[in-house]
Amino acid sequence: MRKDPVMPAREAALALARKLHAAGHEALFAGGCVRDTLLGREPKDYDIATSATPDEVTRLFPKSNEVGAHFGVVIANHGGHAIEIATFRTDGSYRDNRRPESVTFSNATEDAKRRDFTINGLFQNPDTGEVIDHVGGREDLKNRVLRAIGEPAQRFREDALRLMRAVRFSSTLGFRIEETTAAALAECAPLLDRISPERIRDEFSRILLCPRRRDGVERLVETGLSDRFLPELRATIGCDQPPEWHPEGDVFTHTMIMLEMLGTDVPITLALAVLLHDIGKPPTRTVDPDGRIRFNGHDSLGAEMSDGILRLLRYPNQVVEDVVTMVARHMQFMNVQKMRVAKLKRFMSAPTFERELELHRVDCASSNGFTDNYEFLQNKEAEFASEPLIPPPLAGGRDLIAMGLNPGPRFKELLDALETEQLEGRILDREAALAYLRRHADET
Ligand code: ATP
Ligand code: MG
């Protein structure tokens, strides 16, 4: 089990690198941590690349984990951090568009070249801070360019996950994708079919969670990558809507503006629900004889489509369930001001409500600009804040049995009706609740 960090990750990695160095091996910070340091970002984790073989690494760090030793990777724990120590290597031929068949241990130059993008191919001497650049990564970092190392199409054919990584890095870092690399993305997009849904999902989520998620999704569509795992999205392009409600344009544009309007720190369920809330529009679109455009039932069809899409991507059940609920209910926000109190309280008591409210906010802000329902709900939240939306029941099934009723479907009807009275504020105590049940018990 990993212990809590007792020192910064960089310090822990530095200690390991020094030990390798003292034993006569080359040891460099490598990849993402060098990139992030040079960008002034906090690296997620530190990786070390070394001339030591996995055996030599394991001998120096006996408690390390050798599961990846076959590929030259050993994970050492120090100061509460798990640090990857990878032997310089050249990857052999790729069999399945994902993993090399074999690896050969080599030197730093070769190790830089097997990495995916120039900005990920940098090394840094941990002691002196000197950056070692065999692939032109420093220049690309400076110009904010994402460029494949070597021949882009070949690199994507070797490992098709790099297609998703390219879009992910370009959107999380805000880098433009160099032209040849971009062209190869489009050319190789179909290869994504060989990648497991879980891996696609993880990259896709990172794109949706970053503040430039709109750029990311647009890039996925432009390159055709989204067609491999979210083909339904393309039909939203050119799916035009009534201009009086949607002056911003078609369903795709509307959705992209919403993605952009979300805050920086949002749950994945909210980002997914925004992306999918109108996914049912293209297949439900009809035009009346007078030219009026309708999308009847797009919410329930959209919920069903979202369920299918997210299950194929292997999102956890809870994520699927929440997103489906949010998509299914998004049109109900238009009616909240007409709801009876009990209905409104039940509506607001859904665990997804806060996220749905935010979806509703950006749904309006990106189109008609209405804020009345949003403000109404905010006021209601304040008004209802002093007590639970759904208070503990004043009476239950036992009381009905005590009145001589036999358990059955009628029980739920009676108790739901009682709850409505309670939510509406017409019944306030147990006395009144029992009287209500007695009065209605013999009705059929
Ligand atoms: P982050 O950790 O923020 O996702 P990272 O660059 O550290 O970014 P990792 O997946 O942790 O990415 O990989 C570490 C390094 O290993 C990368 O910087 C890159 O040099 C190399 N690498 C990772 N995945 C691939 C791949 N699919 N093909 C080629 N090189 C890769
Ligand atoms: Mg990393």
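The values are calculated or read from the model by the stated rules, or taken from the named source; none is laboratory data. None of these values were measured; they are calculated from a predicted model. Cβ placement follows ideal geometry from the backbone for every residue including glycine, while neighbour counts extend to all protein chains displayed. Heads up: the accessible areas ignore ligands, DNA and RNA and are worked out on the full protein's heavy atoms, side chains in. Shrake-Rupley method; radii C 1.70, N 1.55, O 1.52, S 1.80 Å.
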*asked:* Out of the total accessible area of the stretch 1-118 (probe 1.4 Å, heavy atoms of protein only), what percent is carbon and sulfur?
replied: 49 percent
*asked:* Using the Karplus curve 6.51 cos²θ - 1.76 cosθ + 1.60 with θ = phi - 60°, what ³J(HN,Hα) values do you get for each residue of the stretch 48-65, in whole Hz, with x for Gly and Pro?
replied: 10, 10, 9, 7, 6, 6, x, 4, 5, 5, 5, 5, 6, 10, x, 8, 6, 9
*Sequence-separation-based contact order of the stretch 146-224, relative, with Cα cut under 8 Å and 6+ spacing, percent*: 38 percent
*Volume in Å³ per residue [convex hull over Cα atoms, computed for the stretch 146-224]*: 72 Å³
*At each listed q (0.15 Å⁻¹), what is the log10 of I(q)/I(0) that the Debye formula gives for the stretch 1-89 modelled as equal alpha-carbon point scatterers?*
-0.50
*Given labels modelled 7 Å from the Cα in the Cβ direction, how far is it in nm from Glu179 to Arg439?*
8.0 nm
*asked:* In whole percent, and with a 1.4 Å probe on the protein chains, what portion of the accessible area of the stretch 162-305 is carbon and sulfur?
replied: 50 percent
*asked:* What do you get for the angle between helix 197-209 and the principal long axis of the chain? Use alpha-carbon atoms, 0 to 90 degrees, nearest ten.
replied: 80 degrees
*Can you list the HN-Hα couplings for the stretch 10-18, worked out from phi with the Karplus curve (6.51, -1.76, 1.60; θ = phi - 60°), rounded to whole Hz and with x for Gly and Pro?*
4, 5, 4, 5, 4, 4, 5, 4, 5
*Between Thr90 and Asn317, what length comes free when the chain is fully extended (0.36 nm per residue of separation minus the Cα-Cα distance, one decimal in nm)?*
77.8 nm
*Tilt of helix 213-223 relative to the longest C-alpha principal axis of the chain, in degrees (0 to 90, nearest 10)?*
70 degrees
*For the chain, with a Gaussian network of springs between Cα atoms less than 10 Å apart, report the residue from Arg219, Arg138, Arg410 with the top mean-square fluctuation.*
Arg410
*Say R0 is 30 Å: what FRET efficiency, to the nearest 0.05, do Phe105 and Glu130 get from their beta-carbon distance?*
0.80
*Among 353-361, 416-424, how do they line up from the highest to the lowest mean number of other beta-carbon atoms within 10 Å?*
353-361, 416-424
*Tell me, what is the percent relative contact order of the chain, built from C-alpha pairs under 8 Å that lie six or more residues apart?*
8 percent
*So who's got an amide H within less than 5 Å of the one on Val103, skipping anything under 5 residues away but keeping other chains? H placed 1.01 Å off N, in plane.*
Gly92
*Which whole-number value in Å² is the accessible area per residue of the chain, probe 1.4 Å?*
48 Å²
_As an exercise, find the ratio Rg/Rh for the stretch 109-152 from alpha-carbon atoms, using the Kirkwood inverse-distance average for Rh._
0.98
*Counting Lys and Arg as +1 and Asp and Glu as -1, what is the net charge of the other residues whose Cβ lies under 10 Å from the Cβ of Thr87?*
-2
*How many percent of Cα pairs in the chain exceed 40 Å?*
39 percent
*asked:* Please check: in the Gaussian network model of the chain (C-alpha springs, under 10 Å), which one of Pro283, Pro62, Pro407 has the largest mean-square fluctuation.
replied: Pro407
_Label-point separation in nm, Arg294 to Glu248, each point 7 Å along Cα→Cβ_ = 2.5 nm
*Unit Cα scatterers, Debye sum, the stretch 63-156: log10 I(q)/I(0) for q = 0.13, 0.20 Å⁻¹*: -0.54, -1.12
*So, with +1 on the Cβ of K and R and -1 on the Cβ of D and E, and no other charges, what is the size of the charge dipole of the chain about its Cα centre, to the nearest 20 debye?*
680 debye
_Please list, ordered by chain and number, the residues whose modelled amide H lies under 5 Å from the amide H of Ile132; skip anything fewer than 5 residues away on the same chain._
Phe123, Gln124, Asn125
*Across bins of 10 angstrom width beginning at 0, how are the C-alpha pair distances of the stretch 231-383 distributed, in whole percent?*
11, 40, 37, 11, 1
*asked:* For a distance above 18 Å, tell me the whole-number percent of Cα pairs in the stretch 331-374 that qualify.
replied: 25 percent
*With all protein chains present, how much of the accessible area of the stretch 308-444 (probe radius 1.4 Å) comes from carbon and sulfur, to the nearest whole percent?*
53 percent
_Cα coordinate range in the stretch 397-440, projected on the principal axes (Å, largest first)_ = 28, 18, 15
*Can you tell me the 0 to 90 degree angle between the C-alpha axis of helix 179-188 and the longest principal axis of the chain, rounded to 10?*
60 degrees
